[in-house]
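Everything below concerns the one structure shown next.
The values are calculated or read from the model by the stated rules, or taken from the named source; none is laboratory data. Quantities reported herein were computed from a predicted structural model and do not represent experimental measurements. Glycine also receives a Cβ, built like all others from the backbone with ideal geometry; neighbour counts cover every protein chain displayed.
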Amino acid sequence: MNDVARQQRIRSLRFAVPRRVDARVLRRFASPIALLLLWQIGSTTGWIPATKLAAPSAILGAFWTLIASGELLRHLAASLARVSAGLLLGVSTGVLLALVVGLWRTGDEAVDPVMQGLRTLPYLGMTPLLILWFGIGEWPKIALVAFASVFPVYMTLLGGIRAVDPKLIEAAGIFGLGRWETIGAVILPGSLAPALVGLRYSLGAAWLSLVVSEQINANRGIGYLIMDARDFMRTDVIIVGLLIYAVLGLTTDALVRAVERRALAWRPALLKEAR
């Protein structure tokens, strides 16, 4: 093979993979784009009434209107503040209780039965009771998010602690590590992966509980925006609010996954994926 033919062969191999990747991406986006077009056509022709479901163009227009007026940012800031406070309270409580239960037998006997009982309660049904306890301000909303997010991280971290290989703990004792050193060097790293999975579940539960809490006795927040739009039959604004919730949930989940890849880079499975 002469030099010209070799260079042409290299060039064809270099661009063959991107073209295949591009074709695959186009095929994956074809059905959503077709669905949007059919949706738009149905709305334009009147097959889909605007009072039932707004057209994609109307939803996009409502989004830009809310952005330009600053209303969306104001409601978004309120929702982020509530979910952040609730998650901080719920996740920190879940981690603390999981450590107490998983590392001390007394904690297991005293705390775990209570947590298992509370875990079976429907947390969305706690809303009336939280309003009676904390009033109609911000605390019921934050408390509902915290109550929803505490159990996923508690259960997964506790399971991770109990699943640590006893041989590793025995090896740590052979090397002269004390109790606290064993916890820091063996038990906590070994239970980190389940804890991060639990954090992802906690995020999902937090956003779900926030949707409910912001529709009750609220004057700002994405949930309030949705309920206010319902009263005026603004399906375009309702869809915007739901999409905002979806984007926030996907974004926070992606952040946790990024932390997971970085914090667990030492695992053999991730090392194989990196290759």
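Give the number of residues within segment 36-63 that are surrounded by 12 or more Cβ atoms within 10 Å (Cβ to Cβ) and part of a helix (DSSP H, G or I).
Number of matching residues: 15.
If I filter segment 90-108 down to residues being within 22 Å of the chain's Cα centre (by Cα) and more than 9 Å from residue 154 (Cα to Cα), which single residue comes out as surrounded by the most Cβ atoms within 10 Å (Cβ to Cβ)?
90
Which pairs have Cβ atoms under 7 Å, sit 6 or more apart or on different chains, and link a residue in segment 115-136 that is without any contact (Cβ under 8 Å) to a residue 12 or more places away in the chain to one that is assigned to a helix (DSSP H, G or I)?
134/140; 134/143
For the condition outside any helix (DSSP H, G or I) and either of a type in the set (A, V, I, L, M) or in contact with a helix residue (DSSP H, G or I) (Cβ under 9 Å, 6 or more places away or on another chain) (or both), what is the one hit in 220, 200?
Only one candidate passes the filter, namely 220.
Residue pairs, Cβ under 6 Å, 6 or more apart or interchain, first in segment 43-68 and of a type outside the set (Lys, Arg), second modelled with pLDDT of 90 or more and not in a helix (DSSP H, G or I). List them.
Sorted first by the residue in segment 43-68, then by its partner, the list stays empty.
Of the conditions (1) under 18 Å from the mean Cα position of the chain (by Cα); (2) of a type outside the set (Ser, Thr, Tyr); (3) at pLDDT 90 or above, residue 192 fails just one. Which one is it?
Failed condition: (3).
If you check 118, 158, which single one turns out to be assigned by TED's automatic domain parsing to the domain that holds residue 202, under 25 Å from the mean Cα position of the chain (by Cα) and loosely packed, with under 15 Cβ neighbours inside 10 Å?
118
Could you look through segment 164-222, keep only residues that are farther than 30 Å from residue 130 by Cα and of a type in the set (Ser, Thr, Tyr), and pick out the one that is surrounded by the most Cβ atoms within 10 Å (Cβ to Cβ)?
If we take residues in segment 164-222 being farther than 30 Å from residue 130 by Cα and of a type in the set (Ser, Thr, Tyr), then 191 is surrounded by the most Cβ atoms within 10 Å (Cβ to Cβ).
Evaluate the following for residue 87: is it buried (at least 16 other Cβ atoms within 10 Å of the Cβ), under 24 Å from residue 245 (Cα atoms), at pLDDT 90 or above and out of contact with any Phe, Trp or Tyr (no Cβ under 7 Å at 6 or more places or on another chain)?
Answer is yes for this residue.
Within segment 156-177, identify whether any single residue is part of a helix (DSSP H, G or I) and within 18 Å of residue 85 (Cβ to Cβ), and answer yes or no.
no
Please verify whether residue 263 is within 23 Å of the chain's Cα centre (by Cα) and at pLDDT below 90, treating the condition exactly as stated.
It is true that residue 263 is within 23 Å of the chain's Cα centre (by Cα) and at pLDDT below 90.
Consider segment 120-155. How many of its residues are within 21 Å of residue 100 (Cβ to Cβ), assigned to a helix (DSSP H, G or I) and at pLDDT below 90?
Selection size over segment 120-155: 0.
Do we have any residue at all in segment 69-77 that's surrounded by fewer than 17 Cβ atoms within 10 Å (Cβ to Cβ) and touching a residue at least 40 places away in the same chain (Cβ under 8 Å)?
The answer is yes; a qualifying residue exists.
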